[in-house]
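One structure, as structure tokens, below. Some questions next.
The values are calculated or read from the model by the stated rules, or taken from the named source; none is laboratory data. No experiment lies behind these values; they were computed from the predicted model shown. Reconstructed Cβ throughout: ideal geometry from the backbone, glycine too, with neighbour counts over all protein chains shown. Each accessible area value is taken on the protein alone, full model and side chains, heavy atoms only, with ligands, DNA and RNA left out. Shrake-Rupley method; radii C 1.70, N 1.55, O 1.52, S 1.80 Å.
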Amino acid sequence: MTADARERLRALRAQAEARVQATAATLGELTHDRESSNDDDEHDPEGVTLSSEWSRLTGLAEAAASELHQVDDALTRVEAGTYGVCANCGRPIPAGRLEARPFAEHCVSCAEKLGR
């Protein structure tokens, strides 16, 4: 399970890293657009406003960064030999939970108790 988990987590990490880079690049472009624009985009009836696009992209960037951090933590647990073991109770995390959420650090019961 560890080798499969490691490979799956590495693939997830690559995807999250690509999303982090893509959203950073798009936010950079949007920042440039906002600096060079004196228009009141909030009242433009055409398309999405720069402000709403900024909010959307910021949310996507934060989600990608959070996932990247969670995957890195899971890879650390793989290397430490604690991947698949609940950080709260020490029991094994069910394979189905790890399939659905490969970076899970708590079993279902503990996750429910902790609100995660």
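For every helix of n ≥ 4 consecutive DSSP H residues, a contribution of -39,500 (n - 2.57) applies; sum these over the chain, divide by its total residues, and give [θ] at 222 nm rounded to the nearest 500 deg cm²/dmol. Before the final figure, lay out the partial values.
Working: 4 runs with 78 residues, N = 116.
Calculated at 222 nm, the ellipticity per residue is -23000 deg cm²/dmol.
To continue, here is another question. What percentage of the solvent-accessible surface of the chain, computed with a 1.4 Å probe over protein heavy atoms, is contributed by carbon and sulfur atoms?
The computed percentage sits at 51.
Another one. With each pseudo-label sitting 7 Å past Cα toward Cβ, what's the residue 22-residue 52 distance in nm, one decimal?
Using points 7 Å along Cα→Cβ, the separation is 2.2 nm.
Between the helical axis of 2-35 and the dominant principal axis of the chain, each derived from Cα atoms, what acute angle in degrees is found, rounded to the nearest 10?
10 degrees
Would you mind checking the tilt of helix 50-80 against the longest principal axis of the Cα atoms of the chain, expressed as 0 to 90 degrees and rounded to 10?
The angle comes out near 20 degrees.
Cα convex hull of the chain: mean projected area in nm², to one decimal?
Value for the chain: 9.4 nm².
Give me the net charge of residue 109's neighbourhood, meaning all other residues with Cβ under 14 Å from the Cβ of residue 109; Lys, Arg count +1, Asp, Glu -1.
Details: positive: 91, 97, 113, 116; negative: 105, 112.
Taking every Cβ under 14 Å from that of residue 109, the sum is +2.
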